[in-house]
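Chemist: My structure is below; once you've seen it, I'll send some questions.
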2 protein chains.
Amino acid sequence: MTIPDQPKPSRRQLLSLIGKSAGVAAMYQAMTSLGHAAETQFSGPPNLSGAKKGASVLVLGAGLAGMLAAFELRKAGYSVRILEYQPRAGGRNWSLRGGDSYTELGGATQHIRFQKGNYLNPGPWRIPHHHQTLLHYCKAFGVALEPFIQLNHNTYVHSPGAFGGRPVRYKEVAADFDGHVAELLSKSINQKGLDASVSREDQEILLEAMRSWGGLDENFQYAPSLASSNHRGFERPGGGGVEGAPIPSQPFGLKEVLDPQVWRSMSFFMNYEMQTTMFQPVGGMDMIGKGFQKQVKELITYNAKVTRIAQDAGGVTVSYQDIGSGAAQEAKADWCVCTIPLSVLSQIDVQVAPAMQAAIKAVPYGGQVKIGLEMRRRFWEEDDHIYGGHSFTAQDISLISYPNFDFFSDRPAVLLGAFANGLGAYRLAGMTPEQRIETALAQGAVFHPAAYRKEFMTGASVAWSRVPWSLGCCARWNEDTRRKHYQTLVGLDGRIALAGEHASYIGCWMEGALLSSLDAITRLHKRASEA
Amino acid sequence: MTIPDQPKPSRRQLLSLIGKSAGVAAMYQAMTSLGHAAETQFSGPPNLSGAKKGASVLVLGAGLAGMLAAFELRKAGYSVRILEYQPRAGGRNWSLRGGDSYTELGGATQHIRFQKGNYLNPGPWRIPHHHQTLLHYCKAFGVALEPFIQLNHNTYVHSPGAFGGRPVRYKEVAADFDGHVAELLSKSINQKGLDASVSREDQEILLEAMRSWGGLDENFQYAPSLASSNHRGFERPGGGGVEGAPIPSQPFGLKEVLDPQVWRSMSFFMNYEMQTTMFQPVGGMDMIGKGFQKQVKELITYNAKVTRIAQDAGGVTVSYQDIGSGAAQEAKADWCVCTIPLSVLSQIDVQVAPAMQAAIKAVPYGGQVKIGLEMRRRFWEEDDHIYGGHSFTAQDISLISYPNFDFFSDRPAVLLGAFANGLGAYRLAGMTPEQRIETALAQGAVFHPAAYRKEFMTGASVAWSRVPWSLGCCARWNEDTRRKHYQTLVGLDGRIALAGEHASYIGCWMEGALLSSLDAITRLHKRASEA
């Protein structure tokens, strides 16, 4: 029954009322029960109707954020032009292939010699299922995707301080961690330690849950048994015929699986951005950049090094140098979407308010290092039964990751031999490309000692702190910089809007760049329409 | 330093010594530290050298076990012939496609109307990474494989008794289960409840582990926070620009995630046979049967209904009826590999020892039911962002499973609308094919209420208890029958060896059938060589 003349409060008003009267927890509860749970902020391509005839936008940077801005703004009727520093589009969406050359800051040049069809994705390399903006435009632009094997129970975990320094299978230590946790919690329950927190009835169910989930035996012990081995693997797995019966394996002790490398790996796979299902483009990550580029190719001016961004009441003027000829150039437009990474933008003369200038300078960039190693054969599959996924280590390389296409093939394949960050990345970036390969081989060999060096053919590395056109991998916000600078950074400054992963809360992901771009152009369009 | 004349004890002797002196746990430990852990009993194709010239083998059944036996025995020099009841090879390795007709026991005939390229795999449908026998022969026989998405954090879990009867995302309840377990165990530790079991130092590490793995806040509480939402998902996930900041979600309470459907699903994914990475053949499961069939096609006599298996000192005589003509026929050979399912074999006159006859009759067969539902569009992807994987329910259908190929396509696709066992399978098998589809639609709609019926086009079902040529899905051993009958069943009986998934400890999997086959022919060859 509704009272007709009473206006129904909006959802937002309702939530605000609940929030005021009952605190945050109640509001969350209400939001959930109202079915507000969401996986993405993407709600389809933006509606930019009513663009002023003849209005123009200059987009700086032909990465994904810039190309999406250009694509949608032109569709809306704007006159658009993109200036790009590099001789290629895509930005950090990038794949290195045989025949490519790459010169990093410091002058080292690598001539990539991977076999045809093989590649290293130095930047983004995987797409979570909830990155719906990216998935939408991949489909719209005809970019074919294939599964990216994220969680593989059969990969390795390695920590020099645990398991005698030997790598152990993820399934073994994940099962053992769960098992020991289940045994300890069962012990607490059986010793009445949780009587104050959990009802007797729920304790009974919890015990059954611990037994099933943890692989405990009938005495709630995590011990060698078919139950525990059915999670962690068998000493001898079941087979056929006379010797078919499985033999249980011996779990690791609690102390051993308390090694941080174990539970950090387990936690990693539960990270929102790391959960399955994930995808990768068929043929290399740069297929996405190329898909976007096809849509806006006639708008891009390559080899344009932006030197100054100025604005006044009449418009925006961008000075740039044509890298080929060295000639100074100028481009003018009514509005500007600037997607230049902050690491580079902070070194350019930009005419924005002091608070925006401070924001641009406030955010440091990560210096991740990736190394690709081409191997003669897929020994991780043939010898170790590992098909995709990651083996983690506490060494500088941080992980090795196995290719997710051409499974079972007899062709050479490229392993990701390092995805380093922090101190490890710092150390690898300080090396020559040759030294990086040598380090990756030395450290990665812990997982596959017999084959790693023997099957190695050629490698390539990208230390993002040395990438000339981005001077870093991606923006590293913290709570403090978010509070002080984020809203300034994403706010319009006169005729200029910033966009890119740095202007998002999904930093270091293509999705953040795209959502930032959509948000920026939506607000820019609103201002342009009102101007 | 070694003493030359002291023979080094064999590995087996060493283990036996350790076992005698220090008990089973120490032996397991030694086995592990000796690096004995194994993933498969497959060690490559069998070595059957030295076959007697002119020796012959009759193989009964052109399923995978039978065809592998025929392939390897012929390669070894035997004269081989296969008798097959059906007009097709592959056995339970089977795909139903548009244009197929299938008549079940009871007489109901289904004319399958799936679109070209779509299929239902009524039997096996996924291949674990450690099923190395199957993977070996898939490669050898040119069967292309693609990833099967087994674990998808974004699928649903549904239990009529929990969450108000609404399906919830797997990631939400898995994260909440872990989180509550971590909170409870942290509480035990902080209340000194584990002082007797865990050292103070390990308790500190365990607390850190619980915080990281469980997504706890700084007070070791599992509460709405960025930490918990980073595992379970957000009320509003992070985005770009002005509204980029994420809003945490409200976890479910402990009582809710104690629903068995939750922890059984979590335990399911840790089952040895269910762990990632998994594969499926490109184009349908029967590509494997066809791959095997190509290798032995000239050996197969189809439409041959075996009625009697006799043996004497001179050889084996198999009586069969040609189904087409009705004519009674006989085939003779020196040896016989019988891969007929026990459910059928137990109804045939077989001349073996009484113990073997008892074994053949001792093992009941499961009656699983699978239902395929072809949908006009991939609404689970488009509306719900689910790409492959399974949504579980406590209803009869047990689960629905999403297709693992043609992701993002605009073509109709076939969902697995049920994979029922136990009582649910019994009830579904008692229905007409039309009623099964109706039930699958009614129950599956709980996951996708808006689209499920609306997008439905056509369906197909297989109730294995009604499959004329197998009279069940696969052998259901228990501890008692294993103890009493298994070794008899897999032992040679005169000139006859049984093989198939029923003669293995990897029951209901193709790998069990293949390993059983290799074991059977290896022993048969040994006897034949000695004879």
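The values are calculated or read from the model by the stated rules, or taken from the named source; none is laboratory data. This is a predicted model, so every value here is computed, not measured. As a convention, Cβ positions derive from the backbone with ideal geometry for all residues, glycine included, and neighbour counts pool all protein chains shown. Keep in mind that these areas ignore ligands, DNA and RNA; they rest on the heavy atoms of the full protein, side chains included. Shrake-Rupley method; radii C 1.70, N 1.55, O 1.52, S 1.80 Å.
Chemist: List the number of the failed condition for A:Gly142; all other conditions in (1) within 10 Å of chain B (Cβ to nearest Cβ); (2) within 27 Å of B:Phe405 (Cα to Cα); (3) not hydrophobic (A, V, I, L, M, F, W, C) hold.
Modeler: (1)
Chemist: Please count how many residues of the stretch B:117-131 are under 20 Å from B:Pro45 (Cβ atoms) and surrounded by fewer than 21 Cβ atoms within 10 Å (Cβ to Cβ).
Modeler: The qualifying residues number 0.
Chemist: Among the residues that make up the stretch A:410-417, is at least one of them within 14 Å of another protein chain (Cβ to nearest Cβ) and touching a Gly at 6+ places or on another chain (Cβ under 8 Å)?
Modeler: Initially, the stretch A:410-417 is screened for residues within 14 Å of another protein chain (Cβ to nearest Cβ), giving A:410-411.
Within this subset, residues satisfying the condition of being touching a Gly at 6+ places or on another chain (Cβ under 8 Å) are A:411.
The answer is yes; a qualifying residue exists.
Chemist: Is it true that some residue in the stretch B:371-391 is polar (S, T, N, Q), open to solvent by less than 10 Å² (accessible area, probe 1.4 Å) and modelled with pLDDT of 95 or more?
Modeler: As a first pass, look at the stretch B:371-391 and keep what is polar (S, T, N, Q): B:391.
Next cut, open to solvent by less than 10 Å² (accessible area, probe 1.4 Å) only: B:391.
Checking which are modelled with pLDDT of 95 or more leaves us with B:391.
Yes.
Chemist: Residue check, B:Lys187 against (1) at the interface with chain A (Cβ under 10 Å from one of its Cβ atoms); (2) under 39 Å from the mean Cα position of the chain (by Cα), all met but one. Which one?
Modeler: Of the numbered conditions (1) at the interface with chain A (Cβ under 10 Å from one of its Cβ atoms); (2) under 39 Å from the mean Cα position of the chain (by Cα), the odd one out for B:Lys187 is (2).
Chemist: Any idea which residue in the stretch B:255-268 is surrounded by the most Cβ atoms within 10 Å (Cβ to Cβ), counting only those that are within 7 Å of another protein chain (Cβ to nearest Cβ) and assigned to a helix (DSSP H, G or I)? Can you show your working first?
Modeler: Within the stretch B:255-268, the subset within 7 Å of another protein chain (Cβ to nearest Cβ) is B:255, B:258, B:263-264, B:266-267.
Of the ones still in play, those that are also assigned to a helix (DSSP H, G or I) are B:255, B:263-264, B:266-267.
Working: B:Lys255: 15, B:Trp263: 24, B:Arg264: 17, B:Met266: 20, B:Ser267: 21.
Step by step, filter the stretch B:255-268, then rank; the result is B:Trp263.
Chemist: What residue, of A:Ala528, A:Ala499, is buried (at least 24 other Cβ atoms within 10 Å of the Cβ), within 27 Å of A:Tyr137 (Cα to Cα) and among the aliphatic types (A, V, I, L, M)? Working first, answer last.
Modeler: Values: A:Ala528 fails: buried (at least 24 other Cβ atoms within 10 Å of the Cβ).
It is A:Ala499.
Chemist: Looking only at residues that are more than 9 Å from chain A (Cβ to nearest Cβ) and out of contact with any Leu (no Cβ under 9 Å at 6 or more places or on another chain) in the stretch B:218-238, which one is least open to solvent (accessible area, probe 1.4 Å)? Spell out how you get there, then give the answer.
Modeler: From the stretch B:218-238, those more than 9 Å from chain A (Cβ to nearest Cβ) are B:218-222, B:225-228; that's our starting set.
Next, from what is left, pick out any that are out of contact with any Leu (no Cβ under 9 Å at 6 or more places or on another chain): B:218-219, B:221, B:226.
Working: B:Glu218: 132, B:Asn219: 101, B:Gln221: 82, B:Leu226: 100 Å².
Among them, the one singled out is B:Gln221.
Chemist: Find the residue count for the stretch A:368-416, including only residues that are β-branched (Val, Ile, Thr) and on the phi > 0 side of the Ramachandran plot. Even if it seems obvious, please write down each step before you answer.
Modeler: If we filter the stretch A:368-416 for residues that are β-branched (Val, Ile, Thr), which is where we start, we get A:369, A:371, A:386, A:393, A:397, A:400, A:414.
After this cut, where a residue has to be on the phi > 0 side of the Ramachandran plot as well, the list is none.
Residues flagged as β-branched (Val, Ile, Thr) and on the phi > 0 side of the Ramachandran plot within the stretch A:368-416 amount to 0.
Chemist: Same structure again: When you go through (1) at pLDDT below 50; (2) open to solvent by less than 20 Å² (accessible area, probe 1.4 Å); (3) not in a helix (DSSP H, G or I) one by one for B:Leu48, which number turns out not to apply?
Modeler: In the conditions (1) at pLDDT below 50; (2) open to solvent by less than 20 Å² (accessible area, probe 1.4 Å); (3) not in a helix (DSSP H, G or I), B:Leu48 misses (1) alone.
Chemist: May I ask you to list the residues in the stretch A:102-111 that are open to solvent by 40 Å² or more (accessible area, probe 1.4 Å) and more than 25 Å from the chain's Cα centre (by Cα)? So that I can check it myself, show each step before the final result.
Modeler: Within the stretch A:102-111, the subset open to solvent by 40 Å² or more (accessible area, probe 1.4 Å) is A:103, A:105-107, A:109, A:111.
Matches in the stretch A:102-111: A:Gly106, A:Gly107, A:Thr109, A:His111.
Chemist: OK, next. Can you pull out the residues in the stretch A:269-326 that are under 30 Å from A:Phe405 (Cα atoms), among the aromatic types (Phe, Trp, Tyr) and outside any helix (DSSP H, G or I)? Show your work before the answer.
Modeler: First, the residues of the stretch A:269-326 that are under 30 Å from A:Phe405 (Cα atoms): A:269-297.
With the extra rule that they be among the aromatic types (Phe, Trp, Tyr), the set shrinks to A:269, A:272, A:279, A:292.
Correct list: A:Phe279 only.
Chemist: Can you tell me how many residues in the stretch B:463-490 are within 11 Å of chain A (Cβ to nearest Cβ) and open to solvent by less than 20 Å² (accessible area, probe 1.4 Å)?
Modeler: The number of residues fulfilling the criteria is 3.
Chemist: Checking the conditions here, which among A:Val318, A:Val350, A:Val344 is under 27 Å from A:Tyr302 (Cβ atoms) and open to solvent by less than 10 Å² (accessible area, probe 1.4 Å)? Lay out the reasoning, then the answer.
Modeler: Details: A:Val350 fails: open to solvent by less than 10 Å² (accessible area, probe 1.4 Å); A:Val344 fails: open to solvent by less than 10 Å² (accessible area, probe 1.4 Å).
Being under 27 Å from A:Tyr302 (Cβ atoms) and open to solvent by less than 10 Å² (accessible area, probe 1.4 Å) holds for just one of A:Val318, A:Val350, A:Val344, which is A:Val318.
Chemist: Please return the ranges of strands (runs of 3 or more DSSP E) entirely within the stretch A:107-180 where 2 or more residues are under 27 Å from A:Ser265 (Cβ atoms) and not acidic (Asp, Glu).
Modeler: Working: elements: A:109-111, A:145-148, A:156-158.
Filter on the stretch A:107-180 gives A:145-148, A:156-158.
Chemist: Here is a follow-up. Kindly evaluate A:Leu135 against the criterion of being among the hydrophobic types (A, V, I, L, M, F, W, C), crowded, with 21+ Cβ neighbours inside 10 Å and under 20 Å from A:Ser517 (Cα atoms). Show your work before the answer.
Modeler: Working: among the hydrophobic types (A, V, I, L, M, F, W, C): yes; crowded, with 21+ Cβ neighbours inside 10 Å: yes; under 20 Å from A:Ser517 (Cα atoms): yes.
In short, yes.
Chemist: Looking at the structure I just gave you, is A:Phe114 over 23 Å from the mean Cα position of the chain (by Cα) and either among the aromatic types (Phe, Trp, Tyr) or closer than 30 Å to A:Ser43 by Cα (or both)?
Modeler: yes
Chemist: Taking A:Glu455, is it in contact with a Lys or Arg (Cβ under 6 Å, 6 or more places away or on another chain) and at negative phi? Please lay out each step first, then the result.
Modeler: On the way: in contact with a Lys or Arg (Cβ under 6 Å, 6 or more places away or on another chain): yes; at negative phi: yes.
Yes, satisfied.
Chemist: Could we say that B:Gly54 is assigned to a loop (DSSP other than H, G, I, E, B) and farther than 30 Å from A:Arg232 by Cα here?
Modeler: Values: assigned to a loop (DSSP other than H, G, I, E, B): yes; farther than 30 Å from A:Arg232 by Cα: yes.
Yes: the conditions hold for B:Gly54.
Chemist: Quick one: would you say A:Ala223 is in a loop (DSSP other than H, G, I, E, B), modelled with pLDDT of 95 or more and more than 19 Å from A:Ser398 (Cα to Cα)? Steps first, please.
Modeler: Details: in a loop (DSSP other than H, G, I, E, B): yes; modelled with pLDDT of 95 or more: yes; more than 19 Å from A:Ser398 (Cα to Cα): yes.
Answer is yes for this residue.
Chemist: Still on this structure: What single numbered condition from (1) within 18 Å of the chain's Cα centre (by Cα); (2) of a type in the set (A, V, I, L, M); (3) more than 28 Å from A:Glu146 (Cα to Cα) fails to hold for A:Leu515?
Modeler: A:Leu515 satisfies every listed condition except (3).
Chemist: I'm checking my understanding of the structure. Among residues of the stretch A:321-338 that are of a type in the set (A, V, I, L, M, F, W, C) and surrounded by 15 or more Cβ atoms within 10 Å (Cβ to Cβ), which one is nearest to A:Trp469 (Cα to Cα)? First the steps, then the outcome.
Modeler: Step one: filter the stretch A:321-338 for residues of a type in the set (A, V, I, L, M, F, W, C), giving A:323, A:327-328, A:331, A:333, A:335-338.
With the extra rule that they be surrounded by 15 or more Cβ atoms within 10 Å (Cβ to Cβ), the set shrinks to A:331, A:333, A:335-338.
On the way: A:Ala331: 20, A:Ala333: 24, A:Trp335: 23, A:Cys336: 20, A:Val337: 18, A:Cys338: 14 Å.
Out of the qualifying residues, it is A:Cys338.
Chemist: On to the next question. Can you name the number of the only condition in (1) open to solvent by less than 20 Å² (accessible area, probe 1.4 Å); (2) at positive phi that A:His153 fails?
Modeler: Here A:His153 meets the rest and fails (2).
Chemist: Is it the case that B:Phe148 is more than 11 Å from chain A (Cβ to nearest Cβ), surrounded by fewer than 23 Cβ atoms within 10 Å (Cβ to Cβ) and within 22 Å of the chain's Cα centre (by Cα)? Give the derivation first.
Modeler: Working: more than 11 Å from chain A (Cβ to nearest Cβ): no; surrounded by fewer than 23 Cβ atoms within 10 Å (Cβ to Cβ): yes; within 22 Å of the chain's Cα centre (by Cα): yes.
Spelling it out, it is not the case that B:Phe148 is more than 11 Å from chain A (Cβ to nearest Cβ), surrounded by fewer than 23 Cβ atoms within 10 Å (Cβ to Cβ) and within 22 Å of the chain's Cα centre (by Cα).
Chemist: What number goes with the only condition from (1) in contact (Cβ under 8 Å) with a residue 24 or more places away in the chain; (2) open to solvent by less than 50 Å² (accessible area, probe 1.4 Å); (3) touching a helix residue (DSSP H, G or I) at 6+ places or on another chain (Cβ under 6 Å) that B:Gln311 does not pass?
Modeler: For B:Gln311, the exception is condition (3).
Chemist: Pick out the one residue from B:Gly284, B:Gly291, B:Gly215, B:Gly241 that is more than 9 Å from chain A (Cβ to nearest Cβ), at positive phi and open to solvent by less than 20 Å² (accessible area, probe 1.4 Å).
Modeler: Details: B:Gly291 fails: at positive phi; B:Gly215 fails: more than 9 Å from chain A (Cβ to nearest Cβ); B:Gly241 fails: more than 9 Å from chain A (Cβ to nearest Cβ).
B:Gly284 is the lone residue from the list that is more than 9 Å from chain A (Cβ to nearest Cβ), at positive phi and open to solvent by less than 20 Å² (accessible area, probe 1.4 Å).
Chemist: Which residues, counting only those in the stretch A:372-429, are among the aromatic types (Phe, Trp, Tyr) and outside any helix (DSSP H, G or I)? Walk me through how you get there before you give the answer.
Modeler: In the first step, residues of the stretch A:372-429 are kept if they are among the aromatic types (Phe, Trp, Tyr); the result is A:379-380, A:387, A:392, A:402, A:405, A:407-408, A:419, A:426.
Those that are among the aromatic types (Phe, Trp, Tyr) and outside any helix (DSSP H, G or I): A:Tyr387, A:Phe392, A:Tyr402, A:Phe405, A:Phe407, A:Phe408, A:Phe419.
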